[in-house]
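Any read-out appearing in this document is the output of simple, stated calculations on the displayed coordinates, not a laboratory observation. In this text, all values refer to a predicted model and were calculated from it rather than measured experimentally. For neighbour counting, all protein chains shown are included, and Cβ atoms are generated from backbone atoms with ideal geometry for every residue, glycine included.
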Amino acid sequence: MKFGRMLFFAAAMLMIGSSCKKSEQIPTLDHSLQFSETYCNDPWSNDIQRTDPDFLKKLDAWLEAKTGVAIPEPLLKFHPGNAGTCSACTCKTGNVLTIWLPKGVDAKFTALGFK
């Protein structure tokens with residue numbers, strides 16, 4: 001009986017493992033970069049409104065179009081210590097975008113202001 005369960009488990013694992021196509025696998029990500037969002041002076045400000053409910057999805061598509069690099073959807077998190085005390089276009093909102101990148105593509109994103 002024990003052998004039967006082990007055989008069933010092994011067969012199930014083989015089926016699951018072989019069902020993944022190589023093209024569907026997530027690329028290995030090397031590290032992350034961050035961008036401190038401003039009120040209206042970000043490279044994408046003319047194309048995407050930061051108040052748009054689909055902002056992160058649109059930003060992801062915008063970044064891919066500008067850099068030619070597909071990345072996972074960015075993370076947006078509020079950091080109170082990063083917020084400016086003004087509301088001018090160049091003042092920081094306190095929101096910080098984090099993106100995860102594969103090796104060798106940093107320059108494409110640092111050119112857009114990511115650090």
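Can you give the Kirkwood hydrodynamic radius of the stretch 23-110 from its Cα pairs, in Å with one decimal? Result for the stretch 23-110 stands at 13.9 Å.
For the stretch 44-58, backbone phi angles converted through the Karplus equation (6.51, -1.76, 1.60; θ = phi - 60°) give residue-by-residue couplings of 9, 4, 6, 9, 9, 7, 5, 8, 5, x, 9, 3, 5, 5, 5 Hz, Gly and Pro being listed as x. Phe114 sits among other residues whose Cβ lies under 13 Å from its own Cβ, and their net charge, with Lys and Arg +1 and Asp and Glu -1, is 0. Around the amide H of Gly84, modelled in the peptide plane, lie the amide H atoms of Lys92, Thr93, Gly94, all under 5 Å away and 5 or more residues distant in sequence or on another chain.
Note on Lys115, Lys92: ascending count of other Cβ atoms within 10 Å places them as Lys115, Lys92, the fewest first. Taking other C-beta atoms within 10 Å as the exposure proxy, Leu76, Leu59 rank Leu76, Leu59 from fewest upward. Per-residue packing, averaged as other Cβ atoms within 10 Å, sorts the ranges 77-90, 94-107 into the order 94-107, 77-90, beginning with the highest.
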